[in-house]
Every structure is written in C-alpha cells, then in structure tokens.
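The values are calculated or read from the model by the stated rules, or taken from the named source; none is laboratory data. Since the model is a prediction, treat every value here as computed from it, not as a measurement. Using ideal geometry, Cβ is built from the backbone for each residue, glycine included, and neighbour counts are taken over all protein chains shown.
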Amino acid sequence: MTTNDSGTIPDAEPLGAATDLATALRELIELSVVTTVGAGEVRAAADLVRAASERLAVARRPIEQLPALGGRAFDPVGGQASALAPPLVLRREEGGVVGEATLGVAYEGPPTYVHGGMSALLMDSVLANAAAAAGVWGMTAHLELDYRGPLPIGRPLVFRGRVAESGGRKSRMVGTIALASAPDEALVEASGLFIMPRQEKADVYFGGIADASGEHQPQSRAGDATAVAED
C-alpha cells in the first residue's frame, strides 16, 4: 500500500478510476501507431477521443497543486495513473532497486527497438529513485549513458540502480537495463550525478507548491516520495 505526499492513503475509487483510464489510454496509444484501418475510421476515433477530452476538461487542478492521488500517481515513468508510463514499478533489492517493464511500439526508435531517449528517461527515474530509497535523494545534475546494444520492443526488460558514491549533498548513481532473460548482460549502462539543492534553491524551485486541498505546502524534496514499492 502506498501513501500520497501528505502521508494519507488515497481514496481507492478515484485511484482505481484514474488507473483504469491510464490503462485504456496506453492501449489506445499503442493501437494508434500500429492500426491499419482506413482514414475514415481513424477520424471517427479522433472524434471519440475529443469527446472524452471535453468530459475531463470541465474540472482540472493547476500545475502548482499536487494531485489528490499522490505525487507519484502521474509520474511519466512509474505512475500507474499515467498513460505515458510503461509503467515501471521499482522495488528494493540488496544494494539498490530493481524493476521490470515491457515497452511497446509507442516507444519505438529504430524499427523494432526502443528509442534511445526513452532509455535516458527511464534510467534518470531509476537512479533518482535508487537515491531516494537510500536516503540520499538529489536532483539530476549530470546523466551519462553507454548504449551496449539496442533494447527490443515487446521483450521484458529489467532495470537496476544503486548508489556508487555519496557525500555531502552529492551522490553518484549507477544502473543498467538488460533483458529479463539475460539480466547480467547490460544493454544500457547509466551513471548520474544527483545533488541536493541548498534550501534557498529549494525554496525557489518548490516554494509555490500547494497540496491537494490548495494549502501552501513547501516541498522538502522534488517529489517528497519515492516510487519504490513497499512490500
């Protein structure tokens, strides 16, 4: 069970509804890039999507206000309520975090392989969450990837991250992406420098944030939560 940024458990019904919507949208996005139906059917589908958008647009929160479902529910990598997320659910393992995800054609770069930029997005999140899980969170200052081989579309992948060095406000994180069937053969290797901002910087970055009720709630860190699942 996870909690939101205020430490309370989100209402199961809104979270379930948002997760259901995200799942349907992921399916729609995937189909939109592989369908071969005629143009008329595509336009009819677009009209249906616009009608759905109109229903959702009648009430919305400002971007400075945290979602009632919790700050991580809509994370574009691990958020179960985000249509952009695979999603990648991380859990703790000895020395770091690990998670699995399978990426569809919507994430394609070279034919049948994952776009390299997606690897950067995913590993930035993995390393950041590994840092948070170790209690040494920071904001990304530098991220470097070595691509040892392409990531195939539609194949289960395993993601790992851990702390390599930590001192003061700085932490160096390392991680890998590999096929779940060959977890010790890294296809992508990542290294990142994460720095905890000084308080005056944190105030500038997050001083205008409000909680889900609209009350001012300065953040002690970027998400005030880790996306690492608890057993």
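One residue stands out in the range 88-112 among those that are modelled with pLDDT of 90 or more and part of a loop (DSSP other than H, G, I, E, B): the one that is nearest to GLY214 (Cα to Cα), namely LEU88. Residues that are closer than 17 Å to GLY95 by Cα and either modelled with pLDDT under 95 or within 19 Å of the chain's Cα centre (by Cα) (or both) do occur in the range 145-158, at least one of them.
Would you call ALA44 farther than 30 Å from PRO152 by Cα and modelled with pLDDT of 95 or more? Reasoning before the result, please.
Numbers: farther than 30 Å from PRO152 by Cα: yes; modelled with pLDDT of 95 or more: yes.
Here the answer is yes, as ALA44 does meet what is asked.
Does SER125 meet the test of being among the hydroxyl-bearing types (Ser, Thr, Tyr) and in a loop (DSSP other than H, G, I, E, B)? No; evaluated as a whole, the condition is false for this residue.
Listed here are the residues, each with its yes/no results for (1) surrounded by 12 or more Cβ atoms within 10 Å (Cβ to Cβ); (2) under 25 Å from THR23 (Cβ atoms).
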| residue | (1), (2) |
| --- | --- |
| GLU54 | no, yes |
| ALA57 | no, yes |
| ARG72 | yes, yes |
| GLY104 | yes, yes |
| GLY117 | no, yes |
| SER125 | yes, yes |
| GLY138 | yes, no |
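Somewhere in the range 22-41, is a residue surrounded by fewer than 11 Cβ atoms within 10 Å (Cβ to Cβ), at pLDDT below 90, among the hydrophobic types (A, V, I, L, M, F, W, C) and in a helix (DSSP H, G or I)? Checked against the condition, which is being surrounded by fewer than 11 Cβ atoms within 10 Å (Cβ to Cβ), at pLDDT below 90, among the hydrophobic types (A, V, I, L, M, F, W, C) and in a helix (DSSP H, G or I), the range 22-41 yields no hits at all.
Close contacts from the range 174-186, counting a first residue that is more than 18 Å from ALA120 (Cα to Cα) and in a loop (DSSP other than H, G, I, E, B) and a second that is modelled with pLDDT of 95 or more and among the β-branched types (Val, Ile, Thr), with Cβ to Cβ under 7 Å and a gap of 6+ residues or different chains, come to ALA180/VAL158; PRO183/VAL158. Restricted to the range 187-209, and to residues there that are among the acidic types (Asp, Glu) and not in a strand (DSSP E or B), the residue that is modelled with the lowest pLDDT is ASP203.
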